[in-house]
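Asks: One structure is given below, represented as structure tokens, and several questions about it will come after.
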Amino acid sequence: MFPASFDYAKATSVADAISILSSVDDAKLLAGGHSLLPLMKLRLASPSMIVDIGSLTDLSYIEDKGDYVAIGALTRHHDVQNSHLLKSAVPILPYVASKVGDPAVRHRGTIGGSISHGDGASDLPAAVLALDAKLVLTGLRGERVVPASEFFVGFLETVLGSDELLTEIRVPKFSGGWSFQKFNRRAQDWAIVGVVAVNNGHTRISLINMGPTPLRATAVEAALADGASIEVASGRASDGLDPPSDLNASSDYRRHLAEVLVKRALAEALG
């Protein structure tokens with residue numbers, strides 16, 4: 001299917017992109033295009049204007065900022081995957097990036113695009129959630145820094161304002177254990193269920209495709225904090241959640257997968 005007609009503008013700077021966004025109703029940003037274009041082809045999104053920010057090279061960087069690593073929103077998945085700094089300071093993030101799509105997707109897609117899309121079935125949003133990353137949003141009123149835990153608010157919905165764009169991801173460094181578990185039918189498919197676990201003094205776990213947004217497995221985290229075993233804690237993986245049923249899996253099957261994958265992730269992260 002072809003997308004509905006739209007106007008097109010190529011932004012020359014972040015300020016230019018913000019100016020265009022603020023002056024046009026229902027404008028959407030285009031970076032790598034792997035999130036937006038499929039929605040447009042299915043007519044699930046019909047923006048009146050596409051603002052192309054793909055050539056803004058000043059938003060593509062990975063920099064050491066002391067206790068965290070700053071990643072420009074237009075940094076490609078391939079560059080996240082192969083960053084020596086990230087492999088040393090936040091090793092789970094390059095690993096998760098290496099599992100996104102195929103090499104063609106990773107050379108074109110951007111970390112900021114994936115996070116801004118806010119898909120609960122996507123890998124990188126769940127990773128920044130487990131890592132307690134902070135997201136820098138830039139708009140007409142300047143910058144604001146939002147914790148990843150407050151960024152995702154609904155199905156393909158985030159706190160980004162109509163005149164804002166995500167410009168930077170700030171990921172805390174850590175030296176503890178971690179694990180990424182992803183169950184899918186084929187290597188390039190979306191995860192039927194996925195789990196990101198990070199152990200850096202305390203354990204944080206996020207779930208993929210268990211709801212409309214990436215979700216923290218708070219019941220598991222609380223059980224571990226109370227001294228529960230991995231087996232007991234993992235049994236609470238789907239507590240309070242309502243996973244979707246679709247052509248790939250029923251809600252009950254996703255609940256079962258979540259328990260299995262959380263158990264595996266905890267055994268690796270805490271081992």
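Read the figures in this text as sums done on the coordinates, not as results from a lab. This one's a predicted model, so the numbers in the text were calculated from it and none came from an experiment. For neighbour counting, all protein chains shown are included, and Cβ atoms are generated from backbone atoms with ideal geometry for every residue, glycine included.
Asks: Just check region 1-117 against the gyration tensor rule for me: Cα atoms, a ≥ b ≥ c as the square roots of the eigenvalues, rounded for a/c under 1.5, and otherwise prolate or oblate depending on whether a/b exceeds b/c.
Replies: Note, shape of region 1-117 comes out oblate.
Asks: What shape does region 77-224 take by its C-alpha gyration tensor, where a ≥ b ≥ c are the square roots of the eigenvalues and a/c under 1.5 counts as rounded, a/b above b/c as prolate, and the rest as oblate?
Replies: Note, shape of region 77-224 comes out rounded.
Asks: Compute the FRET efficiency between Asp26 and Asp102 as 1/(1 + (r/R0)^6), taking r as their Cβ-Cβ distance and R0 = 41 Å, and round to the nearest 0.05. Present the calculation step by step, with values, prior to reporting the outcome.
Replies: Values: r = 31 Å, r/R0 = 0.76.
With R0 = 41 Å, the Cβ-Cβ based efficiency is 0.85.
Asks: What's the exposure ranking of Met49, Met40, Met210, going from fewest to most Cβ atoms within 10 Å?
Replies: Starting with the residue having the fewest Cβ neighbours, the order is Met49, Met40, Met210.
Asks: For Trp178, Trp190, what's the fewest-to-most ordering of other Cβ within 10 Å of each Cβ?
Replies: Trp190, Trp178
Asks: Which residue, chosen from Met40, Ile20, Ala9, occupies the Cα position most advanced towards the positive end of the dipole of region 7-52, where the dipole is computed from +1 (Lys, Arg) and -1 (Asp, Glu) charges on Cβ about the Cα centre?
Replies: Met40
Asks: Mind sorting Val153, Val69 by how few other Cβ atoms lie within 10 Å of their own Cβ, fewest first?
Replies: With the fewest neighbours first, Val153, Val69 line up as Val153, Val69.
Asks: Between Leu37 and Asp252, what is the FRET efficiency for a Förster distance of 45 Å, r being their Cβ-Cβ separation, to the nearest 0.05? Numbers along the way, then the final one.
Replies: On the way: r = 33 Å, r/R0 = 0.74.
Step by step, r from the Cβ atoms, then E = 0.85.
Asks: Quick one: go through region 201-233 and flag any residue whose amide nitrogen is under 17 Å from the point 7 Å out along the Cα-to-Cβ line of Leu270.
Replies: The answer is 201-207, 217-233, whose backbone nitrogens lie closer than 17 Å to the label point.
Asks: Taking the Cα centre of each part, how many Å lie between region 31-49 and region 194-271?
Replies: Each part's Cα centre sits 31 Å from the other's.
Asks: Turning to a different aspect of this structure: Put a dot 7 Å past each Cα toward the Cβ at Ser55 and Asp242; how far apart are the dots in nm?
Replies: For the pair Asp242/Ser55, the computed spacing is 4.6 nm.
Asks: How about region 168-228: which trypsin sites (Lys or Arg not before Pro) there lie in a loop by DSSP and see at most 12 other Cβ atoms within 10 Å?
Replies: Arg185, Arg186
Asks: If you fit an axis through the alpha-carbon atoms of helix 14-23 and take the longest principal axis of the Cα set of the chain, what angle between them do you get, 0 to 90°, nearest 10?
Replies: Here the helix axis deviates by roughly 80 degrees.
Asks: Count charges around Thr213 for me, please; just the other residues with Cβ under 14 Å from its Cβ, Lys/Arg as +1, Asp/Glu as -1.
Replies: -4
Asks: Starting from region 23-105, pick out the chymotrypsin sites (Phe, Trp or Tyr not before Pro) whose DSSP state is loop and whose Cβ has at most 16 other Cβ atoms within 10 Å.
Replies: When the chymotrypsin sites (Phe, Trp or Tyr not before Pro) of region 23-105 are filtered for loop state and at most 16 Cβ neighbours within 10 Å, Tyr61 remain.
Asks: Moving on. In what sequence, highest mean first, do 129-139, 50-60 appear when ranked by Cβ atoms within 10 angstrom?
Replies: Packing proxy ranking, top to bottom: 129-139, 50-60.
Asks: Also, quick follow-up: Where nothing but the Cβ of Lys and Arg (+1) and of Asp and Glu (-1) is charged, how large is the charge dipole of region 1-153 around its Cα centre, in debye to the nearest 20?
Replies: In total the dipole reaches around 300 debye.
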